[in-house]
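Q: My structure is below; once you've seen it, I'll send some questions.
The values are calculated or read from the model by the stated rules, or taken from the named source; none is laboratory data. If you're wondering where the values come from, they're calculated on a predicted model, not measured in any experiment. Because the Cβ atoms are built from the backbone with ideal geometry, glycine has one as well, and the counts that use them run over all protein chains shown. To get the accessible areas, we keep the full protein, side chains included, count just its heavy atoms, and leave off ligands, DNA and RNA. Shrake-Rupley method; radii C 1.70, N 1.55, O 1.52, S 1.80 Å.
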Amino acid sequence: MSPALLRPATSGVLLNDLTARLGAEVSSPEAASGVRVAGVSLDSRAVLEGDLYAALPGFNTHGAAFAGDAIRLGAVAVLTDPAGAARLSGVEVPVVVVAQPREVLGAVAAQVYGDPSARLTMVGVTGTNGKTTTAYLVESALRAHGRRTGLIGTVETRIGDERVESVRTTPEATDLHAILGVMVERGVDACVMEVSSHALSLHRVDGVVYDVALFTNLSQDHLDFHDSMDDYYRAKATLFTRARARAGVVCIDDAWGLRLASESEIPVTTLGTVGQRADWTVEAGDGGRFALRDAAGMRELGLVSHLPGTFNIANTALAALALLSLGLDETEVEAAMAVPPDVPGRMEVVAAGGAGGPRCIVDFAHTPDAVDAALAALRPSTTGRLIAVIGAGGDRDRGKRPGMGAAAARHADVVVVTDDNPRSEDAAEIRAAVMAGARQAVESGNATAQVVDGGPRSGAIAEAVAMAVVDASDGAVDTVVVLGKGHEKGQEIHGVKHPFDDRDALRAALSAATTTEDRR
Ligand SMILES: CC(=O)N[C@H]1[C@@H](OP(=O)(O)OP(=O)(O)OC[C@H]2O[C@@H](n3ccc(=O)[nH]c3=O)[C@H](O)[C@@H]2O)O[C@H](CO)[C@@H](O)[C@@H]1O[C@H](C)C(=O)N[C@@H](C)C(=O)N[C@H](CCC(=O)O)C(=O)O
Ligand SMILES: Nc1ncnc2c1ncn2[C@@H]1O[C@H](COP(=O)(O)OP(=O)(O)OP(=O)(O)O)[C@@H](O)[C@H]1O
């Protein structure tokens, strides 16, 4: 099932009540009288009987072009802008016209589905890297604390024990309020969700006020959508306004976090993990253990990061501060966070490594910063060579490709460049851009890695596994880390999603490598 089809069993309002609240014009007021709106959809292909179809102007086309399809599937009214309305004269259902329909959609969906977010404890996580990980950490800890939780993010939508694979990190407002409505019906009382910058720019979370909003970090990504880093920052910063959140927790390890803490409209608690002054700071110990202390020296929590990498200490500390902000005390937070979370495709260990073969890990790093952090995190625990398999997605921010290659070359001993989701682009050209960054790092003396073109993904993974060795003389074990696709179960090539899972590809390569060994 698609998250777009998750709908609460009971919902609906009279169209006239909706339009009165919007102060909107309706094409035929007499036809609107008595019409009951059961749901809202902005995609004609996902319309259900009784829906209001929101025909939005888009980047490619206008949703009004699909109103006929929506009505055939049972839409009882259309919400659109004046340009859309001009194309809809003569349609057989009432047409509601507002200047900017996307901007009212959150309020409309909240009204239709009974304002479910107001009945849930809402936690929103934003930032370039770490949203998924931090959201799972908060959700897992709330569950351990006895709350009935829901989760919405890049990997999945989770309602209690039910899991539905996600198509986006943050759903459209129409789907979001419906999903929250289902959560309320099923007894969920706390929802933790990732809030992408696209979602903030495109009004997808309008109508939700988060009890606490979290900021992880900001670095280059999505510059295909945002004009500049400043624009990207400003989109993220809107989560920290009174209309969207009551309180915030901001990691100030980078300059963007510092700026956000000083510009935020809502009260924020700051977290520093690299020795700077902050409301709460981290002192790292061994084995992922760390102390989280307040600036007054009055409060201290003893925590452990169950996931490798210093950045996961920051994610864990952020999650702990979210729980404090929600009213748990120090002892409750420590107990709730002692339970290891299960975060799919983030530093996921596919093979632990040892006498039988290399250590194999799948991670979702797909920005220069995340590649840097992920490989740096694996270096100390790698006793042999670090072999990184890396690519970059097509039809997305092209500027980050060389930086991803360079980051990989700085940390790994071998960089096998491969395809990510090429989408409509030429895969070899994307690989060339990643390789150019990696080779440039080597030529400029910043890296010593061997850089190879691994070609398509399964071949590249097999090549990396085949070159990995366990040194019988000193027991040194190579680590193969496959970056970029994490939990994903498909690879998008020219509009077709082919089944592909890095974890399965690694297992297949490991078993092929073992068979070859046996035959030798
Ligand atoms: C760049 C972007 O975010 N685009 C979003 C935008 O699409 P658009 O304006 O191009 O839509 P369009 O194709 O012009 O179509 C216009 C309207 O007609 C509708 N339509 C279109 C075809 C049809 O048959 N029927 C129909 O009703 C569309 O739903 C749309 O409302 O509005 C659409 C819905 O109105 C979104 O589905 C679409 O997200 C697309 C699918 C997308 O891939 N977005 C990604 C980039 C995204 O949002 N990513 C973030 C960030 C993840 C991260 O941090 O890594 C996320 O939250 O997932
Ligand atoms: N706090 C962090 N700082 C830097 N890198 C991080 C941090 N947390 C995670 N990472 C790296 O970034 C990758 C993506 O992490 P995660 O999926 O949690 O982020 P995300 O913000 O949800 O990304 P996306 O929105 O693209 O799904 C991880 O696989 C890891 O390599």
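Q: Given Ser197, Ser201, which one is open to solvent by less than 10 Å² (accessible area, probe 1.4 Å) and within 16 Å of ligand 1 (Cβ to nearest atom)?
A: Numbers: Ser201 fails: open to solvent by less than 10 Å² (accessible area, probe 1.4 Å).
One residue alone meets the criteria, Ser197.
Q: Give me a count of the residues in the range 144-159 that are away from ligand 2 (no atom under 16 Å from the Cβ), of a type outside the set (Gly, Ala, Ser) and without any contact (Cβ under 8 Å) to a residue 60 or more places away in the chain.
A: 3
Q: Out of the residues in the range 359-404 that are more than 14 Å from ligand 1 (Cβ to nearest atom) and among the charged types (D, E, K, R), which is most open to solvent (accessible area, probe 1.4 Å)?
A: Arg398
Q: Evaluate the following for Thr331: is it outside the structural domain of Gly484 (by TED's automatic domain parsing) and under 26 Å from the mean Cα position of the chain (by Cα)?
A: Here the answer is no, as Thr331 does not meet what is asked.
Q: As an exercise: evaluate Ala476 against (1) more than 16 Å from ligand 1 (Cβ to nearest atom); (2) within 17 Å of Thr418 (Cβ to Cβ); (3) in contact (Cβ under 8 Å) with a residue 40 or more places away in the chain and give the number of the one condition it does not meet.
A: Result: Ala476 fails condition (2) only.
Q: Here's a follow-up. Can you tell me how many residues within the range 244-272 are open to solvent by 40 Å² or more (accessible area, probe 1.4 Å) and in contact with an Asp or Glu (Cβ under 6 Å, 6 or more places away or on another chain)?
A: Let us first name the residues in the range 244-272 that are open to solvent by 40 Å² or more (accessible area, probe 1.4 Å), namely 246, 253, 255-256, 258-259, 262-263, 265, 267, 269.
Keeping just the survivors that are in contact with an Asp or Glu (Cβ under 6 Å, 6 or more places away or on another chain) gives 246, 269.
Result for the range 244-272: 2.
Q: At least 2 residues that are in contact with a strand residue (DSSP E or B) (Cβ under 8 Å, 6 or more places away or on another chain) and over 21 Å from Ala351 (Cα atoms) in each: list the strands (runs of 3 or more DSSP E) lying fully within the range 442-520 that qualify.
A: Once the strands (runs of 3 or more DSSP E) in the range 442-520 are filtered for at least 2 residues that are in contact with a strand residue (DSSP E or B) (Cβ under 8 Å, 6 or more places away or on another chain) and over 21 Å from Ala351 (Cα atoms), what remains is 450-455, 490-493, 496-499.
Q: What do you reckon, is Ala513 surrounded by 12 or more Cβ atoms within 10 Å (Cβ to Cβ), touching a helix residue (DSSP H, G or I) at 6+ places or on another chain (Cβ under 6 Å), in contact (Cβ under 8 Å) with a residue 60 or more places away in the chain and in the same structural domain as Ala355 (by TED's automatic domain parsing)? Break it down stepwise before answering.
A: On the way: surrounded by 12 or more Cβ atoms within 10 Å (Cβ to Cβ): yes; touching a helix residue (DSSP H, G or I) at 6+ places or on another chain (Cβ under 6 Å): yes; in contact (Cβ under 8 Å) with a residue 60 or more places away in the chain: yes; in the same structural domain as Ala355 (by TED's automatic domain parsing): yes.
Spelling it out, Ala513 is indeed surrounded by 12 or more Cβ atoms within 10 Å (Cβ to Cβ), touching a helix residue (DSSP H, G or I) at 6+ places or on another chain (Cβ under 6 Å), in contact (Cβ under 8 Å) with a residue 60 or more places away in the chain and in the same structural domain as Ala355 (by TED's automatic domain parsing).
Q: Yes or no: His222 assigned to a loop (DSSP other than H, G, I, E, B), within 16 Å of ligand 2 (Cβ to nearest atom) and at positive phi?
A: Considered against the rule, which asks whether it is assigned to a loop (DSSP other than H, G, I, E, B), within 16 Å of ligand 2 (Cβ to nearest atom) and at positive phi, His222 comes out as yes.
Q: Follow-up. Got a sec? Which of Ser444, Ser424, Ser473 is hydroxyl-bearing (Ser, Thr, Tyr), touching a Gly at 6+ places or on another chain (Cβ under 7 Å) and assigned by TED's automatic domain parsing to the domain that holds Cys360?
A: Ser424
Q: Check Val108, Val95, Val125, Val78 and return the single one that is at pLDDT 95 or above and closer than 26 Å to Leu218 by Cα.
A: Testing whether each residue is at pLDDT 95 or above and closer than 26 Å to Leu218 by Cα leaves just Val125.
Q: Considering only the range 219-231, state which residues are in contact (Cβ under 8 Å) with a residue 60 or more places away in the chain and open to solvent by less than 10 Å² (accessible area, probe 1.4 Å).
A: The answer is Asp221, and nothing else.
Q: Taking the condition of being in a helix (DSSP H, G or I), within 21 Å of Ala374 (Cα to Cα) and in contact (Cβ under 8 Å) with a residue 40 or more places away in the chain, how many residues in the range 412-440 meet it?
A: 3
Q: What is the number of the single condition among (1) farther than 21 Å from Gly181 by Cα; (2) more than 10 Å from ligand 1 (Cβ to nearest atom); (3) buried (at least 16 other Cβ atoms within 10 Å of the Cβ) that Pro8 does not meet?
A: For Pro8, the exception is condition (1).
Q: Say whether the condition of being in contact with a Lys or Arg (Cβ under 7 Å, 6 or more places away or on another chain) and in a helix (DSSP H, G or I) is met by at least one residue in the range 196-206.
A: Scanning the range 196-206, I find at least one residue that is in contact with a Lys or Arg (Cβ under 7 Å, 6 or more places away or on another chain) and in a helix (DSSP H, G or I), so the answer is yes.
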